[in-house]
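Q: I'd like to ask you about the structure that follows.
The values are calculated or read from the model by the stated rules, or taken from the named source; none is laboratory data. Please read all numbers here as calculations on a predicted model, not as lab measurements. As a convention, Cβ positions derive from the backbone with ideal geometry for all residues, glycine included, and neighbour counts pool all protein chains shown. Note: accessible area is taken over every heavy atom of the protein model, side chains too, but ligands, DNA and RNA are not part of it. Shrake-Rupley method; radii C 1.70, N 1.55, O 1.52, S 1.80 Å.
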Amino acid sequence: MKRKSILLLASLMLVMSMFLAACGSKEKSSGSDKGKSTGSGPQDGGTLVYAVDTAPEGKFNFNFYGNASDSNILQFVDDDLITYDEKMKPIPNIASWETKDNKVYKFTFKKGVKWQNGEELTVDDWIFAIQTLADKDYDGPRYTNVQDIEGAAAYHDGKAKEITGLKKIDDYNIEITFDKARVNNLENLWSHPLSRKEFEGVKVKDMSASTQVRQTPVGTGPYKINKIVPGESIELVRNEDYWQGKPHIEKIIIKVIDPSLMVGELKNQTVDFSDFSPVSYDEIKKLDNVNILKSPGVSYYYVGFRLGTWDGKKNVANYDKYSDKKLRQAMAYAMNREEWNNAFFFGLGHPVNRPIPSSHWIAADNSELTDYKYDPEKAKQMLDEAGYKDKDGDGFREDPKGNKFEINFSHYKTANPTFEARAKQIAQYWEEVGLKTKVSMVEANLYYDKLEKSDKSMEVFFGGWSTGSDPDPSGLWKSDALWNYARWVNEKSDQLLDDALDVTKVGTDQDKRKALYVEWQKLFNEELPVIPIAELDQTIALNKRVHGVELNPLGTNSSHLWWVDGK
C-alpha cells in the first residue's frame, strides 16, 4: 500500500501548537529544567491550584484505587509506612524494620501518628489492611502485594481464619513472616494501613464503593479532603495534626483542566502546579512566570496483544488471533517509533525495546536486545512468511486461513488532544504494510476495567506503566499477575522472575540478580507479548511563586514541605 505522508501528522501537530501558542506567551523563558524549586524560606498559608487532565475515578483510598487519576489525590491524603531515597532504595517513614534472613521482618511504628479522624495509628490498622487485601471478597488489584505472607493464601481461599505470618507484638511492633526468603519481600509488601474505626461494620465486598472510600476518606497524610465537585475539582485543607509537622500551604485545590487550555492557565496564573502533555512542552518553556522541573522517569508505554483471558486466579492462553510471534514482531518493525516519539512526545519520549525503564539498574543494554527499528519491508516479508497475504487484491492481508484480518486497536480517551492522533498514527503504520486496522477510543475510566476483565473488544491496546521503586516486573508480567493485560503465559519467564527473587539463588549479589533479569528481558524481547514503544521523562510546570518542590524519578517530595509566596 502507498504510504500516507507523515506531513498529515505534522500538520495536525502544528495546528495544536498554534492553538497552544495563542493561549501562551512567546516571551523568552527564565524557567529551569532542574529537579528543585527554590525560595528564600518557607511562608505559612496561601492556596495552591494543582491541575490534573483527567477527573479522578473516585477511589480515594490506596487500598482500593486503580489508576493514576486517583493517586494524584492520594499523594496528599495518605502516607506510606515506607518511603524511598533518590536511588530508589527503601528507607523508614512511619515504620522502621529489621531482618536477618529476608523472610522474617520486625517492624516498629512511630508513636503518636494520627489518622485524620483523630485516632492513633497502630499496627492493628496495618493488619486490618493486609487481611482486607487477602480477603476472598476484596475486589481491588493488590492481593499480589500480600500473597507472599505466610498463611495469606490459606486465608484468601477460606481455609484459615487468620494469616499466620502476622504476629502482633504490641500496638507499635509487628513481626511479619513470608512464605520464603526473597530479595524484594520488603519492596513488594503492601504498606498502606486501613483505619479500622472508619470501616467498622463495612463488609469487604462493599468497601470500594463505600462512602469512606468515595466521599469521606481518612488518611495519615498532610492534607484532608474537604469538598468534592465530581468531574471538576477537589478541595484539600491542611492536616493541622500531621505527624511530620503542620504543612505550610493552607489549602490545595485540585482542578481538572483540559490539556489544550493548560498553557493559558499557567500564563494567567490560574494554575500553580501541573504535569503536562509533551505537546505543551515548547510553549510552557516560553512562559516567564513558570519553572519546569525535569527528571528521568520510571514510566513506559507499549502496544499490547490479547493472548488469553483471566480466570480469576491466573492468566490462560486461550486466544489465538495474535498468538504467532512473527505477526507481533512484524507489527513492531512496521512502526516508526522514533518518528512517533518525536511527533507526540517532543523530546521527552524515547524508543525502548524492553518493559524496564533505563533509569532502573536491571535494565538490559540495548546491544543485548533486538532493536525493532523501523523496517516496513522486513515487516512485509515476515508477514508473507507467516501466511498473512493479500489474497483478494483489496490491498489488505488475509490471515493464513484466507479469512479477513482486521486489527482492533484500542486507546484510552481523555481531553488530551493528541491521544486519538497518536493512536491513528500507529494504525497507519500497520495499514502501510497491509494490515487493516480499526481504532477505538475508550473512556479512560472504563479502559483499564475492560482490560482487567479481558473484555473481548480489547484485542490490541495501548498501555503504560509507572514501575515504582522495585524494578522486579513480576507483578506486571508473570502468568498469575492480574495486571498482565496481555494475558501472556510463559513458563520460562515465570522461572526467571522467580529465580531473580530467590535468596538461595542470588543471595545479596546484585550482579547475579541483574543477569537473570537481563535474560528475562531477552526472552520478552523475542516473544514480544507487547511492543514497548516509549519511555518518558517526567516534567512539572510550577508557577514561580511555588517553592520547596523537588522532583526525582519516583515523583515529588512531601507536599507539607512546599510553600507559596503571598496568600
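Q: With a/c under 1.5 counting as rounded, go ahead and sort segment 40-104 into rounded, prolate or oblate using the C-alpha gyration tensor (a ≥ b ≥ c being the square roots of the eigenvalues; past the cut-off, prolate if a/b is larger than b/c, else oblate).
A: oblate
Q: For a 32 Å ceiling on Cα separation, which of these pairs sit above it: K111/K255; K100/K251; K103/K161?
A: The answer is K111/K255; K100/K251.
Q: To the nearest 0.05, how large is the calculated FRET efficiency for N366 and E443 if R₀ is 30 Å and r is the Cβ-Cβ distance?
A: 0.25
Q: With +1 on each Lys and Arg Cβ and -1 on each Asp and Glu Cβ, how big is the dipole of segment 394-504 about its Cα centre, in debye rounded to the nearest 20? Numbers along the way, then the final one.
A: Numbers: 14 positive and 20 negative charges, 124 e Å.
Computed charge dipole of segment 394-504: roughly 600 debye.
Q: Mind jotting down the distance between the C-alpha centroids of segment 480-498 and segment 541-567, whole Å?
A: 39 Å
Q: Run the dipole for the chain about the Cα centre, Lys and Arg Cβ at +1, Asp and Glu Cβ at -1, nothing else charged, and hand back the magnitude in debye, nearest 20.
A: 680 debye
Q: Magnitude of the Cβ-charge dipole of segment 338-470, K/R +1 and D/E -1, about the Cα centre, nearest 20 debye?
A: 340 debye
Q: Taking a quarter of the surface of the Cα convex hull of the chain, what do you get in nm²?
A: Values: hull surface 103.3 nm².
The directionally averaged projection comes out at 25.8 nm².
Q: Shifting gears a bit: Do you know the relative contact order of segment 207-334, to the nearest whole percent, from alpha carbon pairs under 8 angstrom that are 6+ apart?
A: On the way: 107 pairs, mean separation 13.5, N = 128.
Taking the mean separation of contacting Cα pairs over the length of segment 207-334, I get 11 percent.
Q: How many percent of the accessible area of segment 503-567 is carbon or sulfur, using a 1.4 Å probe?
A: Numbers: 1220 of 2460 Å².
Exposed carbon and sulfur together represent 49 percent of the surface.
Q: In segment 220-316, with Lys and Arg counted as +1 and Asp and Glu as -1 at Cβ, which of these residues, I254, V298, L287, has the Cα nearest the positive end of the dipole, that is, farthest along it?
A: Of the listed residues, the answer is V298.
Q: Of the accessible area of segment 72-118, with the probe set at 1.4 angstrom, what percent is carbon plus sulfur?
A: About 44 percent, which is the carbon plus sulfur part of the accessible surface.
Q: Could you state the accessible area per residue of segment 42-186 in Å², with a 1.4 Å probe and every protein chain left in place?
A: 42 Å²
Q: Taking the Cα-to-Cβ direction at S466 and at Q215 and moving 7 Å from each Cα, how far apart do the two end points lie in nm?
A: Here the answer is 2.9 nm between the modelled labels.
Q: Next up: Can you work out the accessible area per residue across segment 302-449, with the rest of the protein chains kept in place, probe 1.4 Å, in square angstrom?
A: Heavy-atom SASA per residue in segment 302-449 reads 41 Å².
Q: Same structure again: Return the calculated 222 nm mean residue ellipticity for the chain, to the nearest 500 deg cm²/dmol, obtained by summing -39500 (n - 2.57) across DSSP H runs with n ≥ 4 and dividing by the residue count. Display every interim value, and only then the final one.
A: Numbers: 18 runs with 155 residues, N = 567.
Per the formula, -7500 deg cm²/dmol.
Q: Could you work out the relative contact order of the chain, using alpha carbon pairs under 8 angstrom and six or more residues apart, expressed as a whole percent?
A: Normalised by residue count, the contact order of the chain is 22 percent.
Q: Find how much the distance from S71 to K326 grows on full extension, using 0.36 nm per residue of separation minus their present alpha carbon separation; answer in nm with one decimal.
A: 88.0 nm
Q: So what is the relative contact order for segment 103-194, in percent, with contacts set as C-alpha pairs under 8 Å and at least six apart?
A: Normalised by residue count, the contact order of segment 103-194 is 39 percent.
Q: Please give the contour-minus-distance gain from K110 to D44: 0.36 nm per residue of separation, less the Cα-Cα distance, rounded to one decimal in nm.
A: My answer for the length gained is 21.1 nm.
Q: Further question on the same structure: On the accessible surface of segment 247-286, probed at 1.4 Å, how many percent belong to carbon and sulfur atoms?
A: Solvent-exposed carbon and sulfur of segment 247-286 make up 43 percent of the total.
Q: Here is a further query. Does a label point 7 Å from the Cα of Q510, set along Cα-to-beta-carbon, have any residues of segment 70-95 with amide nitrogen under 15 Å, and which are they?
A: Residues 85-91 qualify, since their backbone N sits under 15 Å from the label point.
Q: Additional query: Need one number: nm distance between label points at K197 and K453, each 7 Å from Cα along Cα→Cβ, rounded to one decimal.
A: Between K197 and K453, the label points sit 3.7 nm apart.
Q: Anything over 20 Å Cα to Cα? Flag those among K267/K544; K203/K450; K136/K492, in the order listed. All intermediate terms of the calculation are to be shown ahead of the outcome.
A: On the way: K267/K544 11 Å; K203/K450 25 Å; K136/K492 29 Å.
K203/K450; K136/K492, as the Cα separations exceed 20 Å there.
Q: Same structure, new question: Rounded to a whole number of µm²/s, how large is the Stokes-Einstein D of segment 349-462 at 37 °C and 0.692 mPa s, given Rh as the Kirkwood radius over C-alpha pairs? Can you show the working numbers first?
A: Numbers: Rh = 16.4 Å.
Here the translational diffusion coefficient equals 200 µm²/s.
Q: So what does log10 I(q)/I(0) come out to for segment 339-399 at q = 0.12, 0.19, 0.28 Å⁻¹, using the Debye formula with one equal point on every Cα and no solvent?
A: For the requested q values the scattering log ratios are -0.51, -0.87, -1.13.
Q: On to the next question. In straight Cα distance, which aspartates and glutamates are under 18 Å from K456, not counting same-chain residues fewer than 8 positions off?
A: Partners found: D311, D320, E406, E443.
Q: Multiply the residue gap between V316 and T164 by 0.36 nm, knock off their C-alpha separation, and tell me the result in nm, one decimal place.
A: Stretched out fully, the V316 to T164 stretch lengthens by 51.7 nm.
Q: Set the Förster distance to 22 Å, then compute FRET efficiency between S358 and E527 from the Cβ-Cβ distance, nearest 0.05.
A: 0.55
Q: Given N342, S410, A379, which one lies farthest toward the positive end of the charge dipole of segment 327-483, if we put +1 on the Cβ of every Lys and Arg and -1 on the Cβ of every Asp and Glu?
A: S410
Q: Moving on to the next point. Going by Cα centres, segment 188-207 and segment 237-288 are how many Å apart?
A: 31 Å
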